[in-house]
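Peer 1: The structure's right below; bear with me while I get my questions together.
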Amino acid sequence: TTTFERLMRRIMDCLRINDVMSCIQISSDLHRLYLVLYRSSAEAAEAKSRREYTAMIDMVTDYIKDNYNKNITIDDMLQRVHLSKYHFIRIFRRVMGTTPYSYLTSYRINMAKRMLRLTDKPVADIAFDCGYPDTSNFIAHFKKHVGMKPVQYRHDYI
């Protein structure tokens, strides 16, 4: 049986007895019952907001996947979810475990790794295709995330 059912049975049993100790027990159980109902309500509201936030973050990650090769800003992401910047970043981090910018960078680097393995495109073209108009910036980000330069990565993984 649930905590709610157990408390309700105890309250009903104490009502039948109708003595001072039963009244004290009823008071205590009513307080516990209130807490059970409150927690249940709070958990349901939290689950609902978690689902809503997850859906919002999914919209943003889909946007990133579709547009990683463009210049994406936090403001572009915010247009999809209609939250304040700081609230959005906090929610994104809670759902995804990283910031929106870090997620975008990781996604771009992963796409670049894929292109380096599967194509013969020059690094400058891959950089541009992954949203980095500046090749040296791309190489710096790539090395920071992967631990080696793109040319070395291509050489080691082909």
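Peer 1: On the basis of being out of contact with any Asp or Glu (no Cβ under 8 Å at 6 or more places or on another chain), at pLDDT below 75 and of a type in the set (Lys, Arg), does Arg6 make the cut? Steps first, please.
Peer 2: Values: out of contact with any Asp or Glu (no Cβ under 8 Å at 6 or more places or on another chain): yes; at pLDDT below 75: no; of a type in the set (Lys, Arg): yes.
The answer is no for Arg6.
Peer 1: For residues that are surrounded by 11 or more Cβ atoms within 10 Å (Cβ to Cβ) and free of Cβ contacts under 8 Å to residues at least 12 places away in the same chain, scanning just the range 57-66, find the one that is nearest to Ala112 (Cα to Cα).
Peer 2: Asp62
Peer 1: Could you check the range 10-26 and list, in sequence order, the residues that are surrounded by 12 or more Cβ atoms within 10 Å (Cβ to Cβ) and not hydrophobic (A, V, I, L, M, F, W, C)?
Peer 2: Arg10, Asp13, Ser22, Gln25
Peer 1: Follow-up question, since we're still on this one. With (1) open to solvent by 50 Å² or more (accessible area, probe 1.4 Å); (2) within 23 Å of the chain's Cα centre (by Cα); (3) among the aromatic types (Phe, Trp, Tyr) as the list, and Phe128 as the residue in question, which single condition is left unmet?
Peer 2: Of (1) open to solvent by 50 Å² or more (accessible area, probe 1.4 Å); (2) within 23 Å of the chain's Cα centre (by Cα); (3) among the aromatic types (Phe, Trp, Tyr), only one is false for Phe128: (2).
Peer 1: Still on this model: Scan the range 95-102 and tell me whether some residue there is surrounded by 12 or more Cβ atoms within 10 Å (Cβ to Cβ), not small (Gly, Ala, Ser) and not in a helix (DSSP H, G or I).
Peer 2: Yes, because at least one residue in the range 95-102 is surrounded by 12 or more Cβ atoms within 10 Å (Cβ to Cβ), not small (Gly, Ala, Ser) and not in a helix (DSSP H, G or I).
Peer 1: On to the next question. Against the definition (open to solvent by less than 70 Å² (accessible area, probe 1.4 Å), over 30 Å from Thr2 (Cα atoms) and among the hydroxyl-bearing types (Ser, Thr, Tyr)), how does Thr54 come out, yes or no?
Peer 2: Judged against the criteria, Thr54 is not a match.
Peer 1: So which residues in the range 103-118 are open to solvent by 70 Å² or more (accessible area, probe 1.4 Å) and either touching a Lys or Arg at 6+ places or on another chain (Cβ under 8 Å) or within 15 Å of Tyr132 (Cα to Cα) (or both)?
Peer 2: Within the range 103-118, Asn110, Arg117 meet the criteria.
Peer 1: Filtering the range 67-94 down to residues that are open to solvent by 30 Å² or more (accessible area, probe 1.4 Å) and under 13 Å from the mean Cα position of the chain (by Cα), which residue is farthest from Met115 (Cα to Cα)?
Peer 2: His87
Peer 1: What tally of residues in the range 68-87 results from selecting those that are in contact (Cβ under 8 Å) with a residue 24 or more places away in the chain and either part of a helix (DSSP H, G or I) or touching a Lys or Arg at 6+ places or on another chain (Cβ under 7 Å) (or both)?
Peer 2: 4
Peer 1: With the checklist (1) in contact with a helix residue (DSSP H, G or I) (Cβ under 8 Å, 6 or more places away or on another chain); (2) farther than 14 Å from Asn69 by Cα; (3) in a loop (DSSP other than H, G, I, E, B) in hand, flag the one item Gly131 doesn't pass.
Peer 2: Single failed check for Gly131: (2).
Peer 1: Do you know which residues across the range 134-158 are within 17 Å of Tyr68 (Cβ to Cβ) and assigned to a loop (DSSP other than H, G, I, E, B)?
Peer 2: Asp134
The values are calculated or read from the model by the stated rules, or taken from the named source; none is laboratory data. What you are looking at is a predicted structure, and each value in this text was computed from that prediction instead of being measured. FYI the Cβ positions are ideal-geometry reconstructions off the backbone, even for glycines, and counts take in every protein chain you see. Ligands, DNA and RNA are excluded from the accessible area calculation, which covers all protein heavy atoms including side chains. Shrake-Rupley method; radii C 1.70, N 1.55, O 1.52, S 1.80 Å.
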